[in-house]
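Below is one structure, written out as structure tokens, with a few remarks after it.
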Amino acid sequence: MKLYHHPLSGHAHRARLFLSLIGIEHELVFVDLARKEHKEPQFLAFNPFGQVPVLDDDGTIISDSNAILVYLAKKMGRTDWLPEDPEGAAAVQRWLSVAAGQIAHGPAQARLINVFKAPYRPEEVIPRAHAILTLIEAALAGRSWIAANGPTIADVALYSYVASAPEGDVDLQPYPNIRSWLGRIEALPGFVEFQKTPVGLAA
């Protein structure tokens, strides 16, 4: 398998992290976002949306980070990471939607301001980040993982931009459950760190 990625993309990191957690051999293909390689015709043939990551599984092309997580779990039969019972599958899907929605428009956008000089407004995105972190903190009360008794792709989908939230001036100190949960993910065999950028509260 080949994963087209950029080391500072949290979306790409969640795909890389899951590949490593379930022990799939893969090749990393660097996509130079600064040089707009993701907007060139060759890349757009893989993903017309012009975004990383993209997974190439021997000619089967999967774009979108959450879709990649689902594909890998299904392909490898990892029902521990993606339950097949209705309640378990729905619980995971609920948090995949959060990763694609509130996380992307909260902690991720806040980080993009400092890391990539993105034109978002801190006074809007930082409160959005804290709003979703408050909900995640409450959801983790009395439990180790977000959607099941063990880690699932829901945890993987949420991890990268929550862990890097301080780079966007989003303080994680008020969230002890989240900080403990991050530590549990980082202790998993095969964990791969998300490349840090010394900006914001992480400077």
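Evaluation of GLU167 against the conditions (1) open to solvent by 40 Å² or more (accessible area, probe 1.4 Å); (2) in a helix (DSSP H, G or I); (3) within 19 Å of TYR120 (Cα to Cα) shows that the sole unmet condition is (1).
Residues in segment 13-64 that are assigned to a helix (DSSP H, G or I), open to solvent by 50 Å² or more (accessible area, probe 1.4 Å) and touching a strand residue (DSSP E or B) at 6+ places or on another chain (Cβ under 7 Å): ARG16, PHE46. In this entry, ALA99 is excluded by the filter for residues that are among the aliphatic types (A, V, I, L, M), out of contact with any Leu (no Cβ under 7 Å at 6 or more places or on another chain) and either open to solvent by less than 30 Å² (accessible area, probe 1.4 Å) or closer than 26 Å to GLY190 by Cα (or both).
Picking from residues in segment 65-92 that are free of Cβ contacts under 8 Å to residues at least 24 places away in the same chain and assigned to a helix (DSSP H, G or I), the one that is most open to solvent (accessible area, probe 1.4 Å) is GLU87.
Can you work out which of the residues in segment 139-164 that are part of a loop (DSSP other than H, G, I, E, B) and without any contact (Cβ under 8 Å) to a residue 24 or more places away in the chain is most open to solvent (accessible area, probe 1.4 Å)?
Of all residues in segment 139-164, those part of a loop (DSSP other than H, G, I, E, B) come to 140-152, 164.
When the remaining residues are screened for being without any contact (Cβ under 8 Å) to a residue 24 or more places away in the chain, the result is 142-143, 149.
Details: GLY142: 92, ARG143: 93, ASN149: 157 Å².
Looking at residues that are part of a loop (DSSP other than H, G, I, E, B) and without any contact (Cβ under 8 Å) to a residue 24 or more places away in the chain, I get ASN149.
Taking ALA118 as the residue in question, decide whether it is modelled with pLDDT under 95 and open to solvent by less than 30 Å² (accessible area, probe 1.4 Å). When the stated conditions are applied, ALA118 passes them.
The values are calculated or read from the model by the stated rules, or taken from the named source; none is laboratory data. Nothing here was measured: the structure is a model prediction, and the numbers come from that model. Every residue, glycine among them, receives a Cβ derived from its backbone with ideal geometry; neighbour counts consider all protein chains shown. Accessible surface is based on the protein model in full, side chains and every heavy atom, while ligands, DNA and RNA are left aside. Shrake-Rupley method; radii C 1.70, N 1.55, O 1.52, S 1.80 Å.
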